[in-house]
1. Going 7 Å from the Cα of GLN367 toward and past its Cβ, which residues in the stretch 294-313 have a backbone nitrogen under 12 Å from where you end up?
2. Which order, highest average first, do 210-218, 167-175 follow once you tally other Cβ atoms within 10 Å for each residue and take the mean per peptide?
3. How far is the Cα center of the stretch 204-264 from the Cα center of the stretch 53-99, in Å?
4. Starting from the 7 Å offset along Cα-to-Cβ, what nm value, one decimal, do you get for the label separation of VAL28 and TYR169?
5. Can you give me the distance in nm between label points at LEU378 and TYR314, each placed 7 Å from the Cα along the Cα-to-Cβ direction?
6. Percent relative contact order of the stretch 185-377, based on C-alpha pairs within less than 8 angstrom and at least six residues apart?
7. Determine, from the Cβ-Cβ distance of ALA275 and LEU119 and an R0 of 51 Å, the FRET efficiency 1/(1 + (r/R0)^6), rounded to the nearest 0.05.
8. Compute the label zone of ASP228 within the stretch 248-281: residues whose backbone N is under 17 Å from the point 7 Å along Cα-to-Cβ.
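Every number in this text was worked out from the coordinates using simple rules, so none of it is lab data. The structure presented is a predicted model; accordingly, all values stated were derived computationally and were not measured. Backbone-built Cβ (ideal geometry, glycine too); neighbour counts: all protein chains shown.
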Amino acid sequence: METFESPVYAFQPQSSPLQRNSFLKWSVITGAWILLGVIYVIPIYFEVRAEGMGHSFVRVFAWGILSWLVWAPLTPAIIGLARRFPLVGGPWKTGLAVHIPAFLLFSALHSAAAVAIVLTIQPWDNMGSSPTAFWPRFVARFKGSLGADLLIYGGVVGICYAIDYYRKYREREFVAAQLETQLAQAQLDSLRMQLHPHFLFNTLNGIVGLVRDNNNEAAVTMLVGLSDLLRHALEHSDRQEIELKEELNFIKLYLSIQQMRFSDRLHVDFDIDPATTHALVPNLLLQPLLENALKHGIGRSAEAGSINITATKYDGRLSITVADNGAGLPNDWQLKTSNGIGLANTIARLQQLYGENYRFDIRNRDQGGVEVEVVMPLRIFQI
């Protein structure tokens, strides 16, 4: 009979983020006080060496560094008091009532530790002539270091407040950026959702026209095409920008429906630079441009019409042009006074996505018809 041994897994505990943050905090605090101790003791050591005193390098540096390192365990307590009883932006009198005795206590603790370090390490070779009793040295040290300790205590509190203010500033900046992004996204969503029913209603009106003309077969085919069109639109409805090739696939579905409506009166030509097919463009960018070309250009002429769609790149920018050979714009036509939803929303979305880094031109062509050019930053989709 076979026996199976359960696998034994070696468990290696990992430190939590809280533990890592605590370790980093203590490392920074300890390193800062050690650095101050080194800066403090270096000139003292070289001064006594210059005077011919042969004091031990190790003992002198150990005394200087440890004397400053005593502040390391006191620092979190000072920071905690500074945040709980603020001296600025709050009841400062209460803060003073807490910080004054706290400062005296911490100064006394530092003096006591400093005296103990001196008596233990004995950094100076002639200490035999100095009093070795703890209490007299402590009292003298405490009185003589009040001014310096006050500067140190105030420096810790000031640095604490500076860091807190900087952190709050960055948090407010981050929140403001998030709110701005969310607002822009909401505006883009609103504009895009206006376009969906807009082209849907216009397409349904075209189907209604076919039914009224008793062209039922074309109407049914157009409804099937509309179903494919809506399915494609829904697949990309959650994206503000899509690849140009996906936008062109959507436009081809849209134009296949419109060609049923216009029969052999509509010819569409695509001139797309292969290097632009992966460029990112606003979702539903071309549909309102083509709708205007069909409605106000080809639709107003009894003759066959053509639409040319081009995409090129230059100087890090993407240029897309939709041109027709229809009736053209009236002489007094102005974009800012037009009441078309499609063009207004297209411009608003370009503004939201690219700020001032885009161009939208609509003009009559010399050979007849209208040309619309959209220029935007060339951004290639990265997989």
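1. Of the residues in the stretch 294-313, 306-308 have backbone N under 12 Å from the label point off GLN367.
2. Per-residue Cβ counts within 10 Å, averaged per peptide and sorted highest first, yield 210-218, 167-175.
3. Taking the Cα centre of each part, the stretch 204-264 and the stretch 53-99 sit 74 Å apart.
4. Once both label points are built, they end up 1.6 nm from each other.
5. Going from the LEU378 label point to the TYR314 one covers 1.1 nm.
6. Worked out over the stretch 185-377, it gives 20 percent.
7. 0.05
8. Inside the label zone: 248-263, 268.
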